[in-house]
Amino acid sequence: MKLLLPAILLLSVSLTSCAGLLDVALHKQIAPEVQHAAQKADNWYTYMPQYSPGFCLRTRRAIVWQDPALNLGYWRGLHPQPPHRVLMEARGNTLILHRRYVWDGNSVGTTRMNDLMPSLRHDVLYHALKEGAPVSRQAIDQAYMRDCKRYGVIPARFHYTALRLFGGIFNRMGQHNTLIIQPTTPDTPPARLEPNRFDDPYDDLSYTPPDA
């Protein structure tokens, strides 16, 4: 037991520095049907093959989730670089994701069509948790299990158990200081949503519109 914890820590550090190899080891891939749907002009996400199988999916429109079983509190997640545009916003049991958010689908295995929404909301909330948002990991994982059931991801209980066992390790990996958590109140007006546009340069991860 005395050697187990140092070994796990050493392994997590090694995996963090070898993200590409980790993706291969976990058999991460984006299913062909997900790639094909992304080519449609009016699709809600785009696929960036040059970043695959990592952070290669990007939203094209704002997405709003309402979940009576999940109390997120009130806060905003801002981009760390000026002009600090709003990436996400929590308003009680409502989560607002502003468009042009990048995520990597499932952490393990193949990301299929029914995995997109569950993996997106889970990634968004884990991202916020890592940067200090007042949300518990257990509540996020439970919301993920509800999403899996809603979108027909089978088996939902297996996915939930895996997250409870290993989600904390994965969430500590990767770059920090990628989000500024700003507390708000119920009286704070929601941030303005960008209008839908499908001609943005989606291959530029740092893109910020001139009027932001």
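The table below lists the values:
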| quantity | calculated |
| --- | --- |
| Counted residues, the stretch 127-136 - those being surrounded by 16 or more Cβ atoms within 10 Å (Cβ to Cβ), touching a Phe, Trp or Tyr at 6+ places or on another chain (Cβ under 8 Å) and not aliphatic (A, V, I, L, M) | 0 |
| In the stretch 27-46, the residues that are free of Cβ contacts under 8 Å to residues at least 60 places away in the same chain and either in a helix (DSSP H, G or I) or closer than 12 Å to Met113 by Cβ (or both) | Pro32, Gln35, His36, Ala38, Asn43, Trp44 |
| Search result, residues across the stretch 47-86 that are among the polar types (S, T, N, Q), farther than 25 Å from Arg146 by Cα and either at pLDDT 95 or above or touching a strand residue (DSSP E or B) at 6+ places or on another chain (Cβ under 7 Å) (or both) | Ser52 |
| Given (1) part of a loop (DSSP other than H, G, I, E, B); (2) of a type in the set (Lys, Arg); (3) modelled with pLDDT of 90 or more, number of the condition Arg146 does not satisfy | (1) |
| Residue among Pro134, Pro82 that is in contact (Cβ under 8 Å) with a residue 24 or more places away in the chain and more than 24 Å from Ala31 (Cα to Cα) | Pro134 |
| Residue within the stretch 77-89 that is buried (at least 19 other Cβ atoms within 10 Å of the Cβ) and closer than 26 Å to Gln35 by Cβ present | yes |
| Residue in the stretch 131-141 that is nearest to the chain's Cα centre (by Cα), counting only those that are within 14 Å of Trp65 (Cβ to Cβ) and part of a helix (DSSP H, G or I) | Ile140 |
| Residues satisfying the stated conditions in the stretch 102-124, i.e. in a helix (DSSP H, G or I) and either buried (at least 19 other Cβ atoms within 10 Å of the Cβ) or hydrophobic (A, V, I, L, M, F, W, C) (or both) | Met113, Asp115, Leu116, Met117, Pro118, Ser119, Leu120, Arg121, His122, Asp123, Val124 |
| Positions within the stretch 53-95 being closer than 15 Å to Leu179 by Cα and of a type in the set (A, V, I, L, M), in sequence order | Leu78, Val86, Leu87, Met88, Ala90 |
| Verdict on Glu33 being at pLDDT 95 or above and in contact with a strand residue (DSSP E or B) (Cβ under 7 Å, 6 or more places away or on another chain) | no |
| Search result, residues across the stretch 34-75 that are polar (S, T, N, Q) and out of contact with any helix residue (DSSP H, G or I) (no Cβ under 7 Å at 6 or more places or on another chain) | Gln35, Gln39, Gln50, Ser52, Thr59, Gln66, Asn71 |
| Those residues of the stretch 76-101 which are touching a helix residue (DSSP H, G or I) at 6+ places or on another chain (Cβ under 8 Å) and assigned to a strand (DSSP E or B), in sequence order | Gly77, Met88, Ala90, Leu95, Leu97 |
| In the stretch 59-75, residue nearest to the chain's Cα centre (by Cα) [restricted to those that are within 24 Å of Val153 (Cα to Cα) and part of a strand (DSSP E or B)] | Thr59 |
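The values are calculated or read from the model by the stated rules, or taken from the named source; none is laboratory data. The structure presented is a predicted model; accordingly, all values stated were derived computationally and were not measured. Neighbour counts are summed over all protein chains in view; Cβ atoms, including those assigned to glycine, are modelled from backbone coordinates with ideal geometry.
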